[in-house]
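Here is the structure we will look at.
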Amino acid sequence: MYRFMNGSTHELAAREIALKAIPDDPRVWVPQAPNVYFRPMFLNTVTGQWCNLLKVTRSGILSRHIHPSPVFGLVMKGKWHYFEHDWIAEEGSFVFEPPGEVHTLNVPEYCDEMITFFNISGCMVYLDKDNKQIGYEDVFTKIDMCRAYYDKVGLGADYVDQFIR
Ligand SMILES: [Fe+2]
């Protein structure tokens, strides 16, 4: 029955991923805005979910957004908060963001770098102050960003393939 015990239990099962979350090569961090980077780890084209690290090396407002599916986060370094809530996520904090909530991510002035693991499903819908959509991201836009950037920095567009299932 378990003929493939040294790997997956079935040849159709997805391959595992095990990697060093903070990469040795800084080129693995994909810029997504000035002083904002993401490090892809798992890009799921079947369910539309993705896992990445978000790194921010400045203080200030990052994004106002809504997502239709839950988001789970674990802070690895630094601090951040949402203007809509009175808690602060800091190193070691776990965060659950319920679907449908609009919130505005802010990195406080005294924090010069934050890194947070996020497990996101569906999409991130970016909003202006009047809640009008000004952009979105999903697993496919993330893959496209990675391909373009990895090609540009010499890792090769297909470097991202190791994270895709
Ligand atoms: Fe969010």
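Bear in mind that the values in this text are calculations on the coordinates, not laboratory data. In this text the structure is predicted, and so the values were computed from the model without any measurement. All Cβ positions, glycine included, derive from the backbone under ideal geometry; neighbour counts span all protein chains shown.
Per-residue ellipticity at 222 nm from helix content only, as computed over the chain with -39500 (n - 2.57) for each DSSP H run of at least four residues, stands at -2500 deg cm²/dmol. Once the Cα-Cα distance is subtracted from the 0.36 nm per residue extended length, the Thr104 to Phe42 segment shows a gain of 19.9 nm. A cut-off under 11 angstrom between Cβ atoms defines the neighbours of Cys111, and their net charge, with Lys, Arg +1 and Asp, Glu -1, is -2. Just to be sure I follow the definition: excluding the sites themselves, where is the longest run in the chain that has none of the chymotrypsin sites (Phe, Trp or Tyr not before Pro) in a DSSP loop with at most 14 other Cβ atoms within 10 Å? In the chain, the maximal stretch lacking such sites is 5-82.
Against the chain, whose longest principal axis is taken from its Cα atoms, helix 139-152 shows a tilt of about 80°. Stretched out straight at 0.36 nm per residue, the stretch from Leu19 to Lys129 would grow longer than its current Cα-Cα span by 35.8 nm. Spatial offset of region 53-69 relative to region 107-160 amounts to 9 Å, using the alpha carbon center of each. Electrostatic bookkeeping for Glu90 treats Lys and Arg as +1 and Asp and Glu as -1; over the other residues with beta carbon under 15 Å from its beta carbon, the sum is -3. For region 70-155, what class follows from the C-alpha gyration tensor (a ≥ b ≥ c being the square roots of its eigenvalues): rounded when a/c is under 1.5, otherwise prolate if a/b is larger than b/c, else oblate? Cα axes put region 70-155 in the oblate bin. Rg and Dmax, both from the Cα atoms of the chain and both in Å, are 16.8, 57. Here Phe83 and Ala157 are evaluated by their C-beta separation; at R0 = 41 Å the FRET efficiency comes out at 0.65. Exposed loop sites here are GluC sites (Glu not before Pro) assigned a DSSP state other than H, G, I, E or B and surrounded by at most 11 other beta carbons within 10 Å; excluding them, the longest clear run of the chain is 17-83.
Could you state the orientation-averaged shadow area of the convex hull built on the Cα atoms of region 48-105, in nm² to one decimal?
Directional mean of the projected Cα hull area for region 48-105 stands at 4.0 nm².
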